[in-house]
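Q: I have a structure I would like to understand better, so I am pasting it below and will then ask my questions one at a time.
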Ligand code: SAH
Ligand code: SF4
Ligand code: F3S
């Protein structure tokens with residue numbers, strides 16, 4: 001049986017797409033392997049959101065391509081770098097057999113077949129009509145506690161820093177019934193936690209008059225028997241409507257955690273980023289969410305050093321994070337991306353040293369907030385849905401709270417998939433440590 005090794009960089013979309021590739025390749029006899037050196041087909045699913053992730057493709061190909069001299073192996077480059085660079089990848093890396101973008105995932109089987117005899121390139125975008133959302137379930141999802149379900153592809157926003165609109169194309173909402181069928185299928189495989197994914201999930205369905213909205217979708221997923229936790233990512237603050245906020249009061253399975261990327265606390269910078277909300281609007285959404293769900297935990301994404309960002313702008317970002325007290329954030333220095341509108345602002349580029357200083361200040365504050373929030377949990381008992389054995393500690397399992405906190409505690413891997421009450425004994429910056437609050441049942 002041929003073996004396939006898939007290396008995934010980037011966001012949840014890529015992880016999900018890799019799962020769909022495994023699903024498409026399974027009927028052709030491809031068995032997933034964890035060992036790249038043993039694989040007949042190697043697919044690298046790439047990310048181009050910043051310069052650094054893009055460089056990972058280069059080092060990865062540097063490891064796999066030399067193997068072609070000593071054994072037959074098909075090498076495919078997929079994902080967002082493939083979409084951007086297309087045929088140039090063949091020029092740069094002559095050993096690559098197949099290059100395809102995110103919209104071609106549904107065709108991976110045919111492409112791999114064709115790549116036996118010729119180089120294959122597919123970076124075509126599909127239109128909204130009949131967009132081929134693959135429906136086969138990721139074989140790896142079976143037995144997992146949580147799984148992603150895509151609800152839309154692409155993005156219609158044009159945030160000036162962002163390359164995603166050119167790598168993923170225009171937004172297309174996935175038909176409601178297809179989403180529910182996938183949720184039901186996953187629950188049938190034992191999945192309990194569903195994370196709905198898209199670049200801007202709050203705009204789900206809005207382009208189709210009379211179509212169900214994202215709030216309708218949340219309610220429908222909530223009604224699927226067997227679904228125990230619902231999460232979603234990513235939300236755009238502009239499109240976070242009152243109907244979705246109301247779901248937090250109405251739907252108990254909806255997790256008490258929201259990732260709501262703010263990018264900057266300065267209205268001037270937000271305008272130049274074309275985010276189409278103000279700091280005040282963002283804070284208003286946060287207040288509404290906390291009113292609807294008092295234990296709501298918020299996390300965010302922040303870019304520092306966007307072209308033209310002044311000390312005063314950065315101070316606004318600091319004061320915003322101090323006001324909201326996010327309990328997690330992904331923060332990055334602005335990275336100029338090919339073809340994005342922000343390139344026109346590069347004469348106001350922030351020197352790297354300044355951006356680095358701002359990033360460190362922000363991250364140090366962030367760490368303090370997390371440590372403080374986690375210290376208040378010590379001694380408290382929290383419910384966690386156990387995800388499986390800890391990757392690092394023998395005899396320890398990990399699970400997440402509704403608020404998305406990772407909790408490690410001594411326990412049997414057989415607890416996977418169960419809800420367990422855990423007394424927190426120690427808080428770290430990113431995780432919590434605890435022990436079972438209920439007595440261990442006698443064996
Ligand atoms: N659709 C999501 C974000 C997807 S990209 C949203 O609208 O929030 C994930 C994160 O990468 C972004 O939130 C942003 O913080 C960061 N990012 C995107 N482009 C970037 C760039 N050019 N430089 C630095 N960070 C960037
Ligand atoms: Fe990029 Fe903005 Fe779309 Fe998010 S909403 S994917 S940041 S263009
Ligand atoms: Fe990266 Fe593409 Fe996702 S650029 S962040 S893999 S949409």
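Q: Given springs between every Cα pair under 10 Å in a Gaussian network model of the chain, which of 20, 69, 207 has the largest fluctuation?
A: With Cα springs under 10 Å in the chain, the top fluctuation among 20, 69, 207 is at 69.
Q: Now for a separate question. Please give the Cα centre distance for the stretch 264-304 versus the stretch 331-361, rounded to the nearest Å.
A: 20 Å
Q: Contact order normalised by length for the stretch 3-122, with contacts defined as Cα pairs under 8 Å and 6 or more residues apart; what percent is it?
A: 25 percent
Q: Could you list log10 I(q)/I(0) for the chain at q = 0.11, 0.12, 0.13, 0.14 Å⁻¹, which the Debye formula gives when each Cα is one point scatterer?
A: -0.97, -1.16, -1.35, -1.51
Q: Just rank 419, 365, fewest to most, by other beta-carbon atoms within 10 angstrom.
A: Lowest to highest Cβ neighbour count: 419, 365.
Q: For the stretch 142-255, what percent of Cα pairs sit more than 19 Å apart?
A: That tail contains 44 percent of the Cα-Cα pairs.
Q: Find how much the distance from residue 67 to residue 276 grows on full extension, using 0.36 nm per residue of separation minus their present alpha carbon separation; answer in nm with one decimal.
A: 70.4 nm is the gain from fully extending residue 67 to residue 276.
Q: Using a Förster distance of 30 Å, how high is the FRET efficiency between residue 414 and residue 38, based on the Cβ-Cβ distance and rounded to 0.05?
A: Computed FRET efficiency for residue 414 and residue 38 comes out at 0.50.
Q: Could you put 257, 392 in order, starting from the residue whose Cβ has the fewest other Cβ atoms within 10 Å?
A: 392, 257
Q: Assign one of three labels to the stretch 3-122, namely rounded, prolate or oblate, based on the Cα gyration tensor with a ≥ b ≥ c the square roots of its eigenvalues; rounded applies when a/c is under 1.5, prolate when it is not and a/b is larger than b/c, and oblate otherwise.
A: The shape class here is rounded.
Q: Here's something else I'd like to know. When DSSP assigns beta bridges and you keep just the ones with both residues in the chain, what percent turn out antiparallel, to the nearest 5?
A: 35 percent
Q: Further question: Over all Cα pairs of the stretch 291-403, how is the pair count split among 10 Å bins, expressed in % and running from 0 up to the last occupied bin?
A: 11, 32, 28, 19, 10, 1
Q: Taking neighbour counts of Cβ atoms within 10 Å as a proxy for exposure, in what order, fewest first, do 374, 222 appear?
A: If I rank by nearby Cβ atoms, fewest first, I get 222, 374.
Q: Right, another one. To check you understand DSSP bridge types, tell me what percent of the beta bridges within the stretch 142-255 (both residues inside) are antiparallel, rounded to 5.
A: 15 percent
Q: Something else now. If you average the alpha carbon positions of the stretch 91-137 and of the stretch 201-233, how far apart do those two centres end up, in angstrom?
A: 29 Å
Q: Next question. Which order, highest average first, do 49-55, 234-240, 375-381 follow once you tally other Cβ atoms within 10 Å for each residue and take the mean per peptide?
A: Ranking, from highest mean packing down: 234-240, 49-55, 375-381.
Q: Now for a separate question. Taking Cα centroids, how far is the stretch 1-47 from the stretch 308-324 in Å?
A: 41 Å
Q: Report the residue, chosen from 48, 256, 390, that carries the largest GNM mean-square fluctuation when the chain is represented by alpha-carbon nodes joined by springs under 10 Å.
A: Among 48, 256, 390, the largest mean-square fluctuation in the Gaussian network model of the chain belongs to 390.
Q: Hey, rough spin-label estimate for residue 242 and residue 216, points 7 angstrom out along Cα→Cβ, what's it come to in nanometres?
A: The modelled label-to-label distance comes out at 2.0 nm.
Q: While we're on this one: Counting helices only, and only those DSSP H runs with n ≥ 4, report the 222 nm mean residue ellipticity of the chain as the sum of -39,500 (n - 2.57) divided by its residues, in deg cm²/dmol to the nearest 500.
A: Here the helix-only value at 222 nm equals -10000 deg cm²/dmol.
Q: Next question, about the same structure. So which residue, out of 198, 169, 353, gets the largest mean-square fluctuation from a GNM of the chain using Cα contacts under 10 Å as springs?
A: Of 198, 169, 353, the Gaussian network model singles out 353 as fluctuating most.
The numbers here are math on the coordinates, done by the rules we state, and not lab data. Because the structure is a prediction, the values reported are computed rather than measured. So basically every Cβ, Gly included, is an ideal-geometry build from the backbone, and we count neighbours across all protein chains shown.
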